[in-house]
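Have a look at the structure below before the remarks.
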Amino acid sequence: MADRILIVDDEVEIADLIEVYLRNEDYEVLKFYTAKEALACMKNTPVDLAILDVMLPDMSGFTLCQKIRETAVYPVIMLTAKDAETDKITGLTLGADDYITKPFQPLELVARVKSQLRRYKKYNPSQMPQTKHILSCSDLILDTKKHECLLGDKPISLTPTEFSVLQILLENKGHVVSGEELFCKIWKDEYYTKANNTITVHIRRLREKLNDTLENPKYIRTIWGVGYRIDEK
């Protein structure tokens, strides 16, 4: 069965262009110009990935992303205005997995879609290996088979990207993992640059969910100029 991609963008020409390129890659496309239409569809139709424009006529893409995250963990890619750094950070903070700025090359967006779907399928419970699926640090437990995160007895809701970041850090417990290494392992593409703050935002969001702090870390420690590390405990 083809992966189903949701497109929500009120710029008809852009939405139509994205649809053409995705259909050429044999994806099934659900295309809407308003958030209300998209939400109505999502109630009864499974989705594998969503592409959301930030500026929608009836609801911001950020709010739509938040509503998606209330019930779903599939990847979300935000379309932001050119050089709108605040939009990028806001989208990632609210649960988006990636962003791309307008104007963009359609083939680049297709590459991002493929990268996100590869990662999502890799960390989907049905794709998990049958051994060594429990990762832990103190009272933090990550079950890669069930795709669950527990802090003590409390379930923690993580986006696919947050889950991937945490899994990689726990798999390398006691060792520093650089931001570039994290980015390349998760996205497996060439979009990382030293100025890219994608990983930084996901780490910050993880800390918030784990009640962790940069100044006095219990789980994720920043090694300045090198990367991130979860210590043996």
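The values are calculated or read from the model by the stated rules, or taken from the named source; none is laboratory data. Bear in mind the structure is a predicted one, so any value in this text is a computation, not a measurement. A quick note on method: Cβ atoms are made from the backbone with ideal geometry, for glycine too, and the neighbour counts reach across all protein chains shown. Areas reflect the complete protein model, heavy atoms only, side chains present, ligands, DNA and RNA absent. Shrake-Rupley method; radii C 1.70, N 1.55, O 1.52, S 1.80 Å.
Of everything in segment 124-145, what is within 19 Å of the chain's Cα centre (by Cα) and at pLDDT 85 or above? Give them in sequence order.
Those that are within 19 Å of the chain's Cα centre (by Cα) and at pLDDT 85 or above: Leu142, Asp143, Thr144.
Look at Lys88 and say whether it is at pLDDT below 95 and more than 19 Å from Thr159 (Cα to Cα).
When the stated conditions are applied, Lys88 does not pass them.
Tell me which of these Glu19 doesn't satisfy, since it passes every other one: (1) at pLDDT 95 or above; (2) open to solvent by 40 Å² or more (accessible area, probe 1.4 Å).
(2)
So, in segment 139-179, how many residues would count as being aliphatic (A, V, I, L, M) and either assigned to a loop (DSSP other than H, G, I, E, B) or out of contact with any strand residue (DSSP E or B) (no Cβ under 7 Å at 6 or more places or on another chain) (or both)?
Looking only at that region, the number is 4.
Search segment 1-18 for residues that are more than 17 Å from Cys41 (Cα to Cα) and without any contact (Cβ under 8 Å) to a residue 40 or more places away in the chain and pair each with any residue that is of a type outside the set (Phe, Trp, Tyr) and open to solvent by 40 Å² or more (accessible area, probe 1.4 Å) when their beta-carbon atoms are under 8 Å apart and the residues are at least 6 apart or on different chains.
Ala2/Asp26; Ala2/Glu28; Asp16/Lys31
Kindly indicate which of Lys185, Lys209 is within 19 Å of Tyr120 (Cα to Cα) and not acidic (Asp, Glu).
Lys185
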